[in-house]
1. Under the rule of -39500 (n - 2.57) per DSSP H run of 4 or more residues, summed and divided by the residues of the chain, what mean residue ellipticity at 222 nm is obtained, to the nearest 500 deg cm²/dmol?
2. For E38, project a label point 7 Å along Cα to C-beta. Then give me every residue of the stretch 90-109 with its amide nitrogen under 19 Å of that point.
3. Sort out the exposed loop GluC sites (Glu not before Pro) in the chain (DSSP loop, at most 12 other Cβ within 10 Å) and tell me the longest stretch that has none.
4. Before anything else, pin down the relative contact order of the chain: Cα pairs under 8 Å, at least 6 apart, normalised by residue count, whole percent.
5. Quote to one decimal, in nm, the extra length available between E148 and T174 on full extension: 0.36 nm per residue of separation minus the C-alpha distance between them.
6. Order the peptides 110-116, 40-46, 76-82 from the highest to the lowest mean number of other Cβ atoms within 10 Å of their residues.
7. Put a dot 7 Å past each Cα toward the Cβ at R69 and R110; how far apart are the dots in nm?
8. Of all trypsin sites (Lys or Arg not before Pro) in the stretch 118-170, which ones are in loop regions per DSSP and have a Cβ with at most 16 other Cβ atoms within 10 Å?
Amino acid sequence: MTQNVPDFSELLRGAQNTAVHLELRDSYGVGDEAEDFEVFKRTGVHPDLNPESEGWAGWVPLVRETIARGVVMRRARVVSEPVTDYIRFEHAGTAVNLAAGELVRWLPRRQASDIALPGNDFWLIDDRLVLFHFFTGDGDWVGYEFSEAPAAVRLCKTAFESVWERGVPHEKFTV
């Protein structure tokens with residue numbers, strides 16, 4: 001499934017106007033978050049909210065660089081309620097996304113029933129390039145697929161904008 005396409009940082013560095021991300025899962029099992037997630041489950045506190053920390057070194061500078069070029073970065077999350085422990089963890093860590101310059105909204109899944117959503121999370125770059133992400137049932141990342149197909153781009157753009165329009169800004173969304 002994985003195709004020979006630029007890595008994600010190259011895709012973001014090539015963005016000229018917009019980079020939007022739609023997340024549809026209630027739980028992810030990505031290995032590099034496992035330790036922080038375990039700490040959060042024990043304490044209720046996200047262990048790394050410092051955008052300057054080593055843990056965010058691969059993400060925050062890339063976001064800041066992208067936004068400094070005038071690219072608008074938005075992230076929307078469709079979540080079930082009551083939310084999972086993972087979503088609480090993600091919500092707590094979103095302070096770093098905001099500090100880096102991303103805009104983030106949350107949409108309760110029950111409010112998305114009439115929105116045509118793709119089957120997978122995705123990034124849409126400049127309304128022309130879609131990067132679909134694939135996960136196992138347990139939430140571990142297993143690959144991606146890149147598409148410029150007009151129908152895929154249109155579906156993702158429409159889905160994201162619909163979720164964004166209904167979504168609750170991070171500052172007002174409680175878990």
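1. Numbers: 5 runs with 59 residues, N = 175.
Helix-only estimate at 222 nm: -10500 deg cm²/dmol.
2. Label zone hits: 90.
3. Numbers: sites that count: E52, E148.
Excluding the exposed sites themselves, the longest stretch runs over 53-147.
4. On the way: 289 pairs, mean separation 52.3, N = 175.
30 percent.
5. Values: separation 26, 0.36 × 26 = 9.36 nm, distance 3.56 nm.
Fully extending the segment from E148 to T174 adds 5.8 nm.
6. Details: 110-116: 11.4, 40-46: 13.0, 76-82: 18.3.
Output ranking for 110-116, 40-46, 76-82: 76-82, 40-46, 110-116.
7. Distance between label points: 4.2 nm.
8. Numbers: sites: R128, R154, K157, R166; in loops: R128.
Answer by residue number: R128.
Read-outs: derived from the displayed coordinates by stated rules, not from any lab. Model, not experiment: these values are computed from the prediction. So basically every Cβ, Gly included, is an ideal-geometry build from the backbone, and we count neighbours across all protein chains shown.
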